[in-house]
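Any read-out appearing in this document is the output of simple, stated calculations on the displayed coordinates, not a laboratory observation. Quantities reported herein were computed from a predicted structural model and do not represent experimental measurements. For neighbour counting, all protein chains shown are included, and Cβ atoms are generated from backbone atoms with ideal geometry for every residue, glycine included.
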């Protein structure tokens, strides 16, 4: 495009950014998104700092090897075991029933009895049961005449190798992809609504008529989209940057993969804005008052909401189902679905390239169609317009 086009467009960009920046609602939404981003980092750390503690009630003195095995398991499992005494089996049952103990152990060896809370989970009871069984087996082997070295050799036999097979390669990375999908959804919804509201405000106040006296409709359209879109990107950064730093700081994540998924999420946000921003701007010209924007942009919001629900229900559960693959390649839903699929680690690279290409081509077609609707919508005032009427003009 010529330098004159971009000179006029830059003026519109500056004006749109100044108008949005001065809006109280923009500042409030930005602060809310910043607070959400900080909460994503702070809340899990506060909750995660609480050490898991299990209480074991004992009747009598347990065998030292049994307690040594339990303490070793606690050290490797990053939890703590508190031991308390119970007078007899009745008292032990009462402690478990009242929540004063997670497990109560009465007796030892083959005569041992475990009292377990009905809703207390199965991890710690299973651990105690296994420790009792191991100690009982050790005593039985010793009574059978095996030496201490032979008993140790039997107990040192390794368990079978376990290989985890899931629907995703890395749960931590999949969590990052899920978070990226949510951020993109919020960003597209909020930025699209802001663009439509800005266009409707300019039309209702007749500012667009003044600007169209010196600018072409495409300059006004592109300038408004870029101006409001850049501030929308700032809101995304307020939410995403703290959350991204928090994710990358967790030891459970592969930093390289996570940072790549976050960078890809930024690219998908740009693609999503290119897809939907001009559509939101065109829909904003159909109304006479900014209060009518919600109804006008409902079709675009419906597509975004449907894509988001599909992503967080079907795709999260099964990234390689036919519905997930189709939605990740369909241009209107790919910005929300493909980041979540890609983070599963099971998506061929050609599908990612194809999805980006289809989305980019669709963005160009939608921008061309939206520019015509935008120009015709701004030129017709006095009543709320219907989309089919504008298209017939």
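Some values worked out for this structure:
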| read-out | value |
| --- | --- |
| Average Cα contact separation per residue, the range 255-393, under 8 Å, 6 or more apart, as relative contact order % | 34 percent |
| Fraction of antiparallel bridges per DSSP, the range 51-155 only, in percent to nearest 5 | 25 percent |
| Spacing of the two label points (7 Å from each Cα toward its C-beta) at residue 381 and residue 73, in nm | 7.7 nm |
| Two-site FRET efficiency, residue 323 against residue 349, from Cβ-Cβ distance with R₀ of 30 Å, rounded to 0.05 | 0.90 |
| Nitroxide proxy distance, nm - points 7 Å out along Cα→Cβ at residue 206 and residue 35 | 4.0 nm |
| Gained length - residue 91 relative to residue 28, 0.36 nm times residue gap less alpha-carbon distance | 17.0 nm |
| Cα extents of the range 51-155 along the three principal axes, largest first (Å) | 44, 30, 20 |
